[in-house]
1. How many residues does the stretch 69-88 hold that are within 14 Å of the chain's Cα centre (by Cα), at pLDDT 95 or above and assigned to a helix (DSSP H, G or I)?
2. Working only within the stretch 52-76, note down all residues that are within 13 Å of residue 13 (Cβ to Cβ) and either touching a Pro at 6+ places or on another chain (Cβ under 8 Å) or of a type in the set (A, V, I, L, M) (or both).
3. Has the stretch 40-51 got at least one residue that is modelled with pLDDT of 95 or more, more than 20 Å from residue 92 (Cα to Cα) and among the aliphatic types (A, V, I, L, M)?
4. Kindly evaluate residue 59 against the criterion of being of a type outside the set (A, V, I, L, M, F, W, C) and in a helix (DSSP H, G or I).
5. Give all pairs with beta carbons closer than 8 Å in which a residue from the stretch 24-35 that is on the phi > 0 side of the Ramachandran plot meets a residue that is surrounded by 14 or more Cβ atoms within 10 Å (Cβ to Cβ); count only pairs at least 6 apart in sequence or on separate chains.
Amino acid sequence: MADTNARATTEERLGRITFRAWRRGFRELDLVLGPFVEQVGPTLGETDLDDFEHLLSHDDDHRIYAWIIGTEPTPDAYETPLMVRIRDFMRAHVAHAVAEGIG
């Protein structure tokens, strides 16, 4: 029963993260974080989910995007293994989208 409750809680948490990732208000960031959490989110552990929620709590979407694309240095508090995964996803996702004729 505890395992079922933990799974439901993680699924609910991931649902909230997914909602927030897709609705940042800055479309370019939405198109990185939304697909990332949909594709990679179910594999994330508790630490990564904590880091994702911390990232989503930052209120400057343009700055987050700059950290992801590397045009601004990422503060230590946000330079996590999750950020590395998001950057890797960004490169693969954008390359794939461009190859498909988007952008």
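The values are calculated or read from the model by the stated rules, or taken from the named source; none is laboratory data. Please read all numbers here as calculations on a predicted model, not as lab measurements. Here the Cβ is made from the backbone with ideal geometry for all residues, glycine too, and neighbour counts use every protein chain on show.
1. First, the residues of the stretch 69-88 that are within 14 Å of the chain's Cα centre (by Cα): 69, 78-88.
Filter again for at pLDDT 95 or above, leaving 78-88.
This time we only want the ones that are assigned to a helix (DSSP H, G or I), so: 78, 81-88.
Adding up the residues that qualify gives 9.
2. 56
3. So far as the stretch 40-51 goes, yes, one or more of its residues are modelled with pLDDT of 95 or more, more than 20 Å from residue 92 (Cα to Cα) and among the aliphatic types (A, V, I, L, M).
4. Details: of a type outside the set (A, V, I, L, M, F, W, C): yes; in a helix (DSSP H, G or I): no.
Criteria not met by residue 59.
5. 25/61
One line per residue, one yes/no per condition, for (1) loosely packed, with under 11 Cβ neighbours inside 10 Å; (2) modelled with pLDDT under 95; (3) part of a helix (DSSP H, G or I):
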| residue | (1), (2), (3) |
| --- | --- |
| 13 | no, yes, yes |
| 16 | no, no, yes |
| 20 | no, no, yes |
| 54 | no, no, yes |
| 66 | no, no, yes |
| 90 | no, yes, yes |
| 93 | no, yes, yes |
| 101 | yes, yes, no |
